[in-house]
1. For L227 and S500, what does the FRET efficiency come to when R0 = 41 Å and r is the distance between their Cβ atoms, rounded to the nearest 0.05?
2. Starting from the amide H of F520, placed 1.01 Å from N in the peptide plane, find each other amide H under 5 Å away whose residue is 5 or more places distant or on another chain.
3. Using a cut-off of 11 Å between beta-carbons, work out the net charge of the residues near L490 (Lys and Arg +1, Asp and Glu -1, L490 not included).
4. Non-local amide H neighbours of I412 (under 5 Å, H modeled in plane, Pro and chain starts lacking H): which ones?
5. May I ask you to derive the FRET efficiency for S88 and A192 from their Cβ-Cβ distance with R0 = 45 Å, giving the value to the nearest 0.05?
6. For the charge dipole of the stretch 178-279, defined by +1 on Lys and Arg C-beta atoms and -1 on Asp and Glu C-beta atoms about the Cα centroid, which residue among A272, A192, P220 has the Cα displaced farthest towards the positive pole?
7. Determine, at each q value in 0.09, 0.14, 0.22 (inverse angstroms), the log₁₀ of I(q)/I(0) that the Debye formula gives when each Cα of the stretch 48-170 is one equal point scatterer.
8. Residue by residue through the stretch 346-360, what is 3J(HN,Hα) from phi via Karplus (6.51 cos²θ - 1.76 cosθ + 1.60, θ = phi - 60°)? Round to whole Hz and write x for glycine and proline.
Amino acid sequence: MYIYVDSFHCFKILKDMVTFFSLFTIYPFILPFLSLTVILYLSYVIVVQLQQRPRNVAGPPTYPIIGCLIPFYKNRYRLLDWYTHLLSKSPTQTIVIDRLGARRTIVTANPYNVEYMLKTNFDNFPKGKPFNEILGDFLGNGIFDVDGEMWYKQRKMVSHEFTARSLRDYVVNALKEEVENKLLPILELMEAENRAFDFQDLLRRLAFDVVCKVSLGFDPCCINESLSFSPLLDAFERASQISAERGAAPIFFVWKVKRWLNIGSEKQLKLAIDQIHSSINDIIRERKIKIKDENQKETNKDLLSRMILAENFDEEEVRDMVISFIMAGRDTTSAAMTWFFYLLSLHPEIENELVSKELRFIETETLTKYEILKEMNFLKSCLCETMRLYPPVAWDSKHAISDDILPDGTRIKAGNRVTYFPYGMGRMENLWGKDRFEFKPRRWMEESGEEGTEQISILYKFPVFQAGPRVCLGKELAFIQMKYVVASILKRFQIRPACSDPPVFLPLLTAHMAGGFKVFVHKNKYN
């Protein structure tokens, strides 16, 4: 079991509570307003619960008015494993979380429900206003935060660009430059000095540099010998963390009050977003001037140039789309690779098989060839198995537009949050068998599932890239990037944890290791 708490987060929670209650002395008019709001809200909750209280639905113990607030509070620092336990006990692998202060939430690990949400009845399960409310300040109207016509418009354009061979070649060339000229020399230095360092931070810097090159045609130079401070990277990390804390807040209106008063974490979020917007707006304006002054064919390799040349979006839309691309490309691949190297360190026999049978005889210079990378099936199996156990996005929510019924019979009311749960799905016995907790990449290379496991399209039992109309357009490029980075490292080095303590899986906007991943680097025996 993983415990999602440390002294920093305890201190932060206490600090937020003190800040919140101090508002009553600074702004005394808030107290009567808040009291009236609470009375009206409790009255509303009672009426709604009487109308919507589920019958014979699995989930935690639920009481009048407060719902499951008590068990939720007790398990608030281990929600992933608590939800997984409840789902494993549910006959349908679906539970209802109905608690005071939060929207009624249906959590499912049932792949047929996932297919229904993401494909069959896609139009009834958009991201929804609650999602946009939490992330809208940061992601704006980017493709990952919008629905309807705005989403279709962006999706159409991005889909065309992501299928272009020129973009794929541009990504591979950017990878080669970053890995050969920056990443590998740093690993050589760390190995020579026998120095422990944060490998997760190094991979996140690498991913940030690559995605900025691909999205903006701009190199922020975050990965360097000194691993120095990067203002833009720091702004993205602060904005991502604080936005995630909004969604996890036990009392959701606290962050809204802080935003209204521009204090605490909300003030920090605003400063971070202002810095991000200012930096990217400057890059957009400079790129427009460059496109006008130079041959267009030489400036349209990165996504930003392609969007400007398309002339279908205004400057704010372009900015928001670029921010979404950076967020998606930065955290997901680096998180997956971090956990991959951790799991490989626990299973040296799999590492040996991967290096000796699949990577050893591939010439380094051929790693940039798309066909060679695509044929690395065992490496892809290892990456998929990693993401099954430690998905970069632990859960994802939609919000029902109208009343509905999921395939397993669970009734949905308009406005309910419906969450599919990749972390829990990777731990369901009926989907992956009795060895579901084991790291076994070979399961991905077997055509038939294990006896007793449920047979359904892999897209919906392993939805780490979503599925249906919103399936991740960068999926193949993500695998190409991870394969190239991993293969380049494993052909030369072994990565070994500097500490024997098990790492903590921390699910924010994208999941990562709490406190980083301290490692030592050693030359491998084939080097």
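1. 0.95
2. R496, A498
3. +2
4. Those lying under 5 Å, H to H, from I412 are D404, I405, L406.
5. Result of the calculation: an efficiency of 0.40.
6. A272
7. Treating every Cα as an identical point scatterer, log10 I(q)/I(0) equals -0.39, -0.82, -1.28.
8. 7, 10, x, 5, 6, 4, 5, 5, 5, 6, 6, 9, 10, 9, 4
The values are calculated or read from the model by the stated rules, or taken from the named source; none is laboratory data. Nothing here was measured: the structure is a model prediction, and the numbers come from that model. Backbone-built Cβ (ideal geometry, glycine too); neighbour counts: all protein chains shown. Calculation scope for accessible area: heavy atoms of the full protein, side chains included, ligands and nucleic acids excluded. Shrake-Rupley method; radii C 1.70, N 1.55, O 1.52, S 1.80 Å.
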